[in-house]
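Student: My questions all concern the structure below.
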Amino acid sequence: MGARLNAFANPIAGKALKHFMAVGKVIDDSPLPTATQELVKLRASQINGCGFCTDMHSKDAAAAGETAVRLNLVAAWREATVFTDAERAALELTEEGTRIADAAGGVPDEVWANAAKHYDEDQLIALVTLIALINSYNRLNVVLTTPAGDYQPGQFG
């Protein structure tokens, strides 16, 4: 299966993606732990069925030293013992923020309060912005049917 449109070759998409990448750089430079960032990107991508982003973020996380056990258990994080309480709070917020249309009233207060126990204000805004950003990337790639499997770690950085 091929992409419906090559976003990397389209000038309008290129202008838009430049801004997405700038937001990503702000998050990369934030105090939100890098491992948490990769787990969040991977989990949202799994939920959204974005093969391209699932491929990318699992490979980038592995290249950055993430273990295969943790990567393999992201989809089942609630039952896994390999994540910290802070990572679990971030994954829970990611799921609620990604499935926002499924919850009447949005993200539950207790999910937010749990995340706020583990992350300061700067980390929380980085986390929320990351959830919004990866969901945007997922939607672009799913709509465009961007193929998965050929990504090389660091390919876009």
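Student: Please tell me the relative contact order of region 34-142 in percent, rounded to the nearest whole number, where contacts are Cα pairs under 8 Å and at least six residues apart. Mind showing how you got there, number by number?
Tutor: Numbers: 110 pairs, mean separation 41.1, N = 109.
Relative contact order, region 34-142: 38 percent.
Student: Testing the spin-label approximation: label points 7 Å from Cα along Cα→Cβ at residue 100 and residue 19. State their distance in nm.
Tutor: 1.7 nm
Student: Can you tell which of 107, 22, 71 lies farthest toward the positive end of the dipole of the chain, using +1 and -1 charges on the Cβ of basic and acidic side chains (Lys, Arg; Asp, Glu)?
Tutor: In the chain, that residue is 22.
Student: Name the shape class, rounded, prolate or oblate, that the alpha-carbon gyration tensor gives for region 1-78, where a ≥ b ≥ c are the square roots of its eigenvalues, rounded holds for a/c under 1.5, and otherwise prolate holds if a/b is larger than b/c and oblate otherwise. Working shown, then result.
Tutor: Numbers: a/c = 2.45, a/b = 1.42, b/c = 1.73.
Judged from the Cα gyration tensor, region 1-78 comes out oblate (a/c at least 1.5, b/c at or above a/b).
Student: Moving on to the next point. Rounded to the nearest 500, what is the 222 nm mean residue ellipticity of the chain from helices alone, with -39500 (n - 2.57) per DSSP H run of 4+ residues and division by all residues?
Tutor: Numbers: 7 runs with 100 residues, N = 157.
Result for the chain: -20500 deg cm²/dmol, rounded to the nearest 500.
Student: Is there a quick way to get the dipole size of region 22-157? I mean about its Cα centre, with the Cβ of Lys and Arg at +1 and of Asp and Glu at -1; what is the value in debye to the nearest 20?
Tutor: Numbers: 10 positive and 19 negative charges, 75 e Å.
Result for region 22-157 is approximately 360 debye, rounded to the nearest 20.
Student: Then there is this: By the gyration tensor of its Cα atoms, with a ≥ b ≥ c the square roots of the eigenvalues, what is the shape of region 42-98: rounded for a/c under 1.5, prolate for a/b over b/c, or oblate? Walk me through the intermediate numbers first.
Tutor: Values: a/c = 1.87, a/b = 1.10, b/c = 1.71.
The shape class here is oblate.
Student: Of the listed values (1) 20; (2) 17; (3) 34, grab the one calculated as percent of Cα pairs over 27 Å apart from the structure here.
Tutor: (1)
Student: Pull out a ≥ b ≥ c, the square roots of the eigenvalues of the alpha-carbon gyration tensor of region 104-145, then state rounded if a/c is under 1.5, prolate if not and a/b is larger than b/c, and oblate in the remaining case. Display every interim value, and only then the final one.
Tutor: Working: a/c = 4.22, a/b = 1.84, b/c = 2.29.
Oblate, because a/c is 1.5 or more while a/b does not exceed b/c.
Student: Ranked highest first by the average count of other Cβ atoms within 10 Å around their residues, in what order do 57-70, 122-135, 31-44, 4-17 fall? Kindly include the intermediate steps, with their values, before the conclusion.
Tutor: Numbers: 57-70: 16.3, 122-135: 19.4, 31-44: 21.6, 4-17: 11.9.
Averaged packing, sorted descending, gives the order 31-44, 122-135, 57-70, 4-17.
No value in this document is a laboratory result; all are computed from the given coordinates. This is a predicted model, so every value here is computed, not measured. Please note: Cβ atoms are built from the backbone with ideal geometry, for glycine as well, and neighbour counts cover all protein chains shown.
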